[in-house]
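Worksheet: the structure to be examined is printed underneath.
The values are calculated or read from the model by the stated rules, or taken from the named source; none is laboratory data. These figures come from a predicted structure and were not determined experimentally. Don't worry about glycine lacking a Cβ; one is built from the backbone with ideal geometry, like all the others, and counts go over all protein chains shown. Ligands, DNA and RNA are stripped out before the accessible areas are found, and what is left, the full protein with its side chains, is counted by its heavy atoms. Shrake-Rupley method; radii C 1.70, N 1.55, O 1.52, S 1.80 Å.
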Amino acid sequence: MNNILRSVLMRRSTSQLDMRPIRDEELMAILEEGKMLSNAARNREWHFTVLQNRGLMKQLGASCEKMVARVHGDIWGDPAVTGRILVESALLLIVSGHRDSKYAEDAANMVFGGMMLVAEKYRIGACWLTSVPEMLRAPETQKVLEQLSIPAGYEPLSVGVFGYKRTLAPPHVLTSADNIVNIVK
Ligand SMILES: Cc1cc2nc3c(=O)[nH]c(=O)nc-3n(C[C@H](O)[C@H](O)[C@H](O)COP(=O)(O)O)c2cc1C
């Protein structure tokens with residue numbers, strides 16, 4: 001199996017991340033490669049926010065916990081887990097785009113997914129936090145959002161945390177039902 005395929009197949013969400021800062025050159029590589037990733041042709045107008053401010057991360061973590069408790073408890077389980085993942089990582093990456101441009105959200109998700117794969121190269125783990133963009137639209141988080149200096153006209157579309165992996169444990173094996181494929185000829 002080549003290295004690219006191995007990263008694609010073996011990458012797993014990492015919720016146990018190290019809070020120590022990511023080396024500048026590795027962070028820049030993830031961002032630069034993120035800019036080059038395939039996405040919907042006319043939706044290249046991304047803005048990346050790299051949040052490393054622990055005070056703001058704590059505030060977002062607390063709001064996120066409330067959001068998950070209110071809306072996503074059935075999907076992500078214990079709300080405190082999402083809050084902890086957000087606070088106990090090196091950084092929060094926010095991919096913003098123009099919501100009104102067609103497919104922007106899908107394309108932003110694709111870019112974010114690609115950046116998580118790029119990060120694997122440096123043993124940097126990531127966890128997508130789908131609850132965060134929704135939380136950042138809620139009235140109670142507008143004060144924190146203002147402090148992120150996201151350019152006018154852009155809004156957070158795809159968000160998650162990055163950090164060096166605390167353990168290099170083998171990934172959990174995925175199993176799925178064998179009746180999820182239908183080939184129509
Ligand atoms: C699109 C997406 C959004 C996610 N959002 C959250 C989230 O808001 N909160 C959370 O605790 N985990 C979130 N996760 C992590 C999942 O809990 C994780 O994917 C799950 O444990 C399965 O692990 P795996 O991605 O390695 O298969 C998200 C994962 C994905 C792929």
**Q.** Matching residues, the range 32-77, being of a type in the set (A, V, I, L, M, F, W, C), open to solvent by 70 Å² or more (accessible area, probe 1.4 Å) and at pLDDT 90 or above
**A.** none
Q. Is there a residue in the range 3-14 that is within 16 Å of the ligand (Cβ to nearest atom), closer than 25 Å to residue 155 by Cα and surrounded by fewer than 17 Cβ atoms within 10 Å (Cβ to Cβ)?
A. yes
Q) With 177, 138 as the choices, which residue is open to solvent by less than 90 Å² (accessible area, probe 1.4 Å), over 18 Å from residue 93 (Cα atoms), without any contact (Cβ under 8 Å) to a residue 12 or more places away in the chain and more than 10 Å from the ligand (Cβ to nearest atom)? A) 177
Q) residue 119 passes all but one of (1) surrounded by 19 or more Cβ atoms within 10 Å (Cβ to Cβ); (2) within 18 Å of residue 50 (Cα to Cα); (3) within 13 Å of the ligand (Cβ to nearest atom); which number fails? A) (3)
Q. Are any residues in the range 131-154 touching a Ser or Thr at 6+ places or on another chain (Cβ under 8 Å) and outside any loop (DSSP other than H, G, I, E, B), and if so, which ones?
A. 131, 133, 135, 140, 141, 144
Q. Which number in (1) over 19 Å from residue 141 (Cα atoms); (2) of a type in the set (D, E, K, R); (3) modelled with pLDDT of 95 or more; (4) open to solvent by 30 Å² or more (accessible area, probe 1.4 Å) marks the one condition that residue 26 misses?
A. (4)
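Could we say that residue 99 is open to solvent by 10 Å² or more (accessible area, probe 1.4 Å) and either within 12 Å of the ligand (Cβ to nearest atom) or in contact (Cβ under 8 Å) with a residue 24 or more places away in the chain (or both) here? Can you show your working first?
Details: open to solvent by 10 Å² or more (accessible area, probe 1.4 Å): yes; either within 12 Å of the ligand (Cβ to nearest atom) or in contact (Cβ under 8 Å) with a residue 24 or more places away in the chain (or both): yes.
Considered against the rule, which asks whether it is open to solvent by 10 Å² or more (accessible area, probe 1.4 Å) and either within 12 Å of the ligand (Cβ to nearest atom) or in contact (Cβ under 8 Å) with a residue 24 or more places away in the chain (or both), residue 99 comes out as yes.
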